[in-house]
Amino acid sequence: MGSEIRTSAPAHATGAVVFVSLDEIAEDQAFRLRPEGDTALLAASMGRLGQLTPVELRPWPGAASEGPRYQVVAGFRRLAGLKLLLRDRVLARVHASLSDEDAWGLALVHALTGEPLSEEDLQALRHRLLAGGQAPWAQELIDEARVRAPLPPEQRERFYEFLDGPLPARAEEEGGGEEAPTAAPTPTDASADQVEEVAADDFAEDLAIRMSELNQDLATAYAAWSDLPPSGRRLILSQARYVAELLPYLEDAER
């Protein structure tokens, strides 16, 4: 397979969908991409609606003549949720023959091209794959997934702190007439504590102009999105999400 990038599961990775006893599934986590975390909501959903998506299994390479026979390739959270419900079987797609490379394809493709993992989980996955020499084709997909990764908790907390903080200082400018431009003051201990006051009208107008210019830049970025480096796209999306999360608050204040 080399370093060819996969964006879909292997076409030949098909198997029969059957119910499998949990006792037949090994406690093996070779293909687990992240900790299962809290599966209470998932378990509650499966308790009400049933298991809608099968887990992916293949014969366990380490199986003995007796005991567990299958290895989980994808669906660790679903499996944990069923165990929380004290179920004794799981709906599974059993692949009679699946190579390590194809198993990694099944495990990685959805997480990296659908709903990506968090930034922390993606970085941990990158180091793990590099250390084990597994799925080299996934490294570029990890870069792409980092662009879409959710905001880290600390950045989200800073955003909410900003919303709860005081508004920028606003005061009507005094005096009239144009003043000759002066050189920027040299930073001193006294000037460092000074807060520049700005009239509310001027602040709003200046912000609208800068946002208009930014929107034009974003339109340009969209037109050339595929040519931008993943790190740059990630930074742009991080800032765009910040504005998107602030928008509902601004709209509520307008009502």
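Bear in mind these aren't lab numbers, they're just calculated from the coordinates by the rules spelled out. What you see is a predicted model, and the numbers here were worked out from it, not measured in a lab. Note that we place each Cβ from the backbone using ideal geometry, even for glycine, and neighbour counts take in every protein chain shown.
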* To do: May I ask for the net charge around ALA103, where only other residues with Cβ less than 10 Å from the Cβ of ALA103 are counted and Lys, Arg are +1 while Asp, Glu are -1?
  => -3
* Structure fact -> Amide H neighbours of VAL72 at under 5 Å, excluding residues fewer than 5 places away on the same chain, with H built from the backbone geometry, are ALA26, ASP28
* Asked: Taking the alpha-carbon set of the range 16-148, what are its Rg and Dmax in Å?
  -> 15.1, 46
* the range 22-137: relative contact order in percent, alpha carbon pairs under 8 Å with at least 6 residues between -> 30
* Could you please report the charge total around ALA40, scoring K, R as +1 and D, E as -1 over all other residues with beta-carbon less than 14 angstrom from its beta-carbon? => +2
* Structure fact -> Residue separation between VAL243 and GLU66 times 0.36 nm, minus their alpha-carbon distance, gives in nm 58.0 nm
